[in-house]
1. Per-residue HN-Hα couplings for segment 191-200, Karplus 6.51 cos²θ - 1.76 cosθ + 1.60 at θ = phi - 60°, whole Hz, x for Gly and Pro?
2. Sorting GLU62, GLU160 by accessible area (1.4 Å probe), largest first, what list results?
3. Relative contact order for the chain: what percent, with Cα pairs under 8 Å and sequence separation of 6 or more?
4. When the Cα atoms of segment 223-366 are enclosed in a convex hull and the volume is divided per residue, what value in Å³ results?
5. Taking 0.36 nm per intervening residue step and subtracting the Cα-Cα distance, what contour gain separates SER360 from LEU422 on full extension?
6. Would you report the distance distribution of C-alpha pairs in segment 271-344 as whole percents per 5 angstrom bin, up to the bin with the largest distance?
7. Counting only pairs 8 or more residues apart or on different chains, how many lysine pairs in the chain have their Cα atoms under 22 Å apart?
8. Quick one: plug the Kirkwood hydrodynamic radius of segment 1-90 (C-alpha pairs) into Stokes-Einstein at 4 °C, 1.567 mPa s, and report D in µm²/s.
Amino acid sequence: MNDWSWLVPLPVVLPLSGAGLTLALYRRPRVQRIVSVTVLVAVLVAAATLAVLADRGPLVAEMGSWATPVGISLVADRLSTLMLTVSAVVVLCVLVYSLAQDQGAGEESAPTSIYHPTYLVLVAGVANAFLSGDLFNVYVGFEILLAASYVLLTLGGSRERLRAGSIYVVVAIVSSFLFLAAIAAVYAATGTLNLAHLAQRLPQIDPGVRLTLQVMLLVAFAIKAAVFPLSAWLPDSYPTAPAPVTAVFAGLLTKVGIYAMIRTQSLLFPGGAVDTVLMWAALATMLVGILGAVAQDDIKRLLSFTLVSHIGFMVFGIALSTHAGWTAAIYYVVHHITVQTALFLVTGLMERYGGTLSLSRLGGLARLSPVVAVLFFVPAMNLAGIPPMSGFLGKLGLLQAGVANGTPLAWTLVVGSVVTSLLTLYALVKAWNKAFWQTPPEPLPAGHVPPGMIGATGALVTASLALTVFAGPLYAYTGRAAQALADRTPYIQAVLPEGDRGTGRSAHLASSPGGAG
């Protein structure tokens with residue numbers, strides 16, 4: 001380890017330790033809350049510190065001092081630490097929101113004693129997926145977060161949630177099986193699962209085998225990221241969960257799949273062998289998703305379809321396989337995590353005030369709470385891409401990268417992006433108008449909303465606006481992250497400084513005749 005590598009495991013170790021502690025304290029809910037908030041604040045500090053340090057070069061931690069590729073390595077580079085930092089902000093805001101929601105007595109979706117340990121396990125799984133330096137550990141990260149998500153999705157145990165949870169579990173098991181099969185095939189073909197080691201060995205195998213491995217991994221990640229036509233499960237699964245759970249799922253879980261696609265496409269399979277297929281998938285994801293959103297009456301389902309649609313923008317940037325495309329895609333991922341999470345948190349506030357999320361039954365919420373009207377309107381316009389917000393800046397970067405590509409398919413995607421943005425604006429303005437402005441068909445119950453729920457939502461909306469205020473430095477950072485993806489050498493040399501080995505104290509075992517790898 002170098003001087004600061006000891007920081008790298010903290011975003012995984014801290015929430016796992018917190019989960020064990022909160023589980024032991026299940027009879028003391030107040031202490032559970034203190035522990036959870038403290039742990040997530042510490043994770044945010046660690047992630048932000050790593051993001052600053054990783055700007056100088058990747059940090060590598062070899063677990064148990066076993067040298068890579070024999071041992072497990074965690075790698076903190078610009079891309080992974082940026083994702084970690086944004087994720088830490090989002091999970092902290094959502095936790096505060098859910099704690100405030102608990103103030104409503106008898107709330108079905110309120111946190112229970114298992115909420116805190118499960119939520120912290122979910123955070124650990126997300127962090128592990130971002131930091132993993134080998135494919136199997138990425139799989140472990142996915143499984144940790146999925147196991148936690150099964151519990152959170154069915155929290156409350158209603159029939160509707162159990163039905164939606166069943167769909168989610170079946171899809172997750174199928175995608176995990178495909179991912180595991182892909183990992184087995186990769187190991188059989190190359191003899192290693194370490195990402196840096198794979199970057200060295202994959203170019204040496206048969207191109208047909210390499211393409212097969214690439215497609216297998218892409219399909220597994222595309223299911224998790226909800227890329228069309230593998231996205232049908234999402235609009236039926238997310239809307240039934242409690243608002244904070246839906247918010248963190250919508251903001252983070254699909255982005256873990258997008259992160260895995262960016263990492264593997266840039267590090268393991270450079271050259272763009274499947275870029276044309278990805279471009280068609282991006283176009284279909286944008287258009288099918290937004291057409292589904294336009295047809296919805298329930299706001300959560302509407303937002304779920306916009307989530308699918310805007311995954312298409314990220315896949316568009318990945319498929320371009322250029323520095324400009326990756327820069328814009330990474331920026332758009334950061335923007336979308338904050339904005340989509342904020343919108344789902346607002347739906348929880350709207351349901352508290354109006355007692356429903358059906359647009360045909362809502363109305364006049366702006367008179368009941370002008371603050372909530374603003375909290376919905378700002379991220380909605382941001383998602384639609386109204387200038388000069390971060391959504392506009394991210395889309396502008398993608399459009400410029402598409403124009404620079406210059407192929408007919410890239411131009412088609414540019415037009416599709418503009419059409420999708422206009423339809424997003426139409427769907428969200430229609431929803432805002434019906435819910436907040438028009439007179440409701442029947443008087444609303446006008447329930448009470450704890451200030452903490454509004455405060456946490458406001459903090460996340462403010463964070464999304466900060467992405468516009470600090471767009472220059474952030475875009476420059478994502479540009480450097482994209483440059484590091486294109487120039488794979490610093491990542492490989494950081495993980496394998498001795499050519500094909502790490503520097504752990506057990507390196508002599510790795511280099512012995514019986515050593516693995």
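1. x, 8, 10, 5, 4, 5, 5, 5, 4, 7
2. Details: GLU62 20, GLU160 115 Å².
Largest to smallest exposure gives the sequence GLU160, GLU62.
3. Values: 895 pairs, mean separation 94.3, N = 517.
Worked out over the chain, it gives 18 percent.
4. Values: hull volume 14.1 nm³, N = 144.
With only Cα atoms used, segment 223-366 gives 98 Å³ per residue.
5. Working: separation 62, 0.36 × 62 = 22.32 nm, distance 2.25 nm.
Length gained between SER360 and LEU422: 20.1 nm.
6. 4, 18, 22, 22, 17, 10, 5, 2, 0
7. Numbers: LYS224/LYS255; LYS224/LYS300; LYS255/LYS300; LYS255/LYS395; LYS300/LYS430; LYS300/LYS434; LYS395/LYS430.
Taking the chain as the scope, the lysine pair count is 7.
8. Working: Rh = 13.9 Å.
So the translational diffusion coefficient is about 93 µm²/s.
The values are calculated or read from the model by the stated rules, or taken from the named source; none is laboratory data. Just so you know, these numbers come straight off a predicted model, no measurement behind them. Glycine also receives a Cβ, built like all others from the backbone with ideal geometry; neighbour counts cover every protein chain displayed. With ligands, DNA and RNA removed, areas are computed over all heavy atoms of the protein, side chains included. Shrake-Rupley method; radii C 1.70, N 1.55, O 1.52, S 1.80 Å.
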